[in-house]
1. Has the range 72-79 got any residue that is in contact with a Leu (Cβ under 8 Å, 6 or more places away or on another chain), open to solvent by 40 Å² or more (accessible area, probe 1.4 Å) and modelled with pLDDT of 95 or more?
2. If you check TRP27 against the conditions, is it hydrophobic (A, V, I, L, M, F, W, C), touching a Leu at 6+ places or on another chain (Cβ under 9 Å) and free of Cβ contacts under 8 Å to residues at least 40 places away in the same chain?
3. Name the residue, out of ARG99, ARG92, that is open to solvent by 50 Å² or more (accessible area, probe 1.4 Å), basic (Lys, Arg) and within 24 Å of VAL130 (Cα to Cα).
4. Specify which of the listed residues (ALA68, ALA13, ALA58, ALA25) is in contact with an Asp or Glu (Cβ under 8 Å, 6 or more places away or on another chain) and over 21 Å from LYS80 (Cβ atoms).
5. Here are some residues: ARG163, ARG115. Which one is open to solvent by 30 Å² or more (accessible area, probe 1.4 Å), part of a loop (DSSP other than H, G, I, E, B) and in contact (Cβ under 8 Å) with a residue 60 or more places away in the chain?
6. Looking only at the range 47-68, how many residues end up being closer than 22 Å to ILE144 by Cβ and either in contact with a Lys or Arg (Cβ under 9 Å, 6 or more places away or on another chain) or hydroxyl-bearing (Ser, Thr, Tyr) (or both)?
Amino acid sequence: MRYRSLFYPMHLALLAVGDNFFPMAWWTPVSKSPFRFLLAVDRQNYSLGLLRELGEAALCFLPWEERAWVVRAGYLTGRKSSKAARLGVELRPARRLDRTRVPATALAVFELKTREWPSDGDHALFLADVVHTEGIPEVRRRPILFLGLRNFATLGQTWSFRR
C-alpha cells in the first residue's frame, strides 16, 4: 500500500544539524523524565549523515511569518553550499551543543544529543535527549502547522508553498 497524506496537522519545526537545517514534521516527545524526542529523518536527506557524525541537533520553532524560507529549506540541499547564506538566515551558536548553530530568530529551541534507533523503512529513527531548552511564549501564538501536500496553516490562516 502506498502512503499518501491528505490531512494531518503536524507542528513544523526546523532541525538544525551543524550549519545545515531542514524542515521537519515527523518528531514527537516520547518521555518527560528523562526529557526525550523521537525524530524520523528521510534516508535520502543530506543531514542524515551529519546527524550520525555529530550526534547532536537542535529542534527549532520559527514564527509563522518566516514560513516561506523554512519550507524552502526543504527543497534545497546543504551538500554543496550553505542554505543559510542562500536563504539569508542568520545563525547563532547553540548554547550546549558543540558544532550546531541555530537560526537567530527561532522562538523556541530544544538542543538534543541523539542516538540512532535501529529501524527499517524509508526514515531513520533517532532518540534524542534534550540537553537545553529555551523559548518565549509567542511560540504558541502562530505555529507553523504542516497539513501535507505543501499546505500549511496557523490559527485562522492557510498557505500553500509554490516553488
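The values are calculated or read from the model by the stated rules, or taken from the named source; none is laboratory data. Please read these numbers as outputs of a predicted model, since none were measured by experiment. Counting neighbours? That spans all protein chains shown, and the Cβs are built from the backbone with ideal geometry, glycine included. The protein model used for the area step is the full one, side chains on, heavy atoms only, and it has no ligands, DNA or RNA in it. Shrake-Rupley method; radii C 1.70, N 1.55, O 1.52, S 1.80 Å.
1. yes
2. Yes.
3. One residue alone meets the criteria, ARG99.
4. Residue meeting the stated conditions: ALA58.
5. ARG163
6. Total satisfying the criteria: 6.
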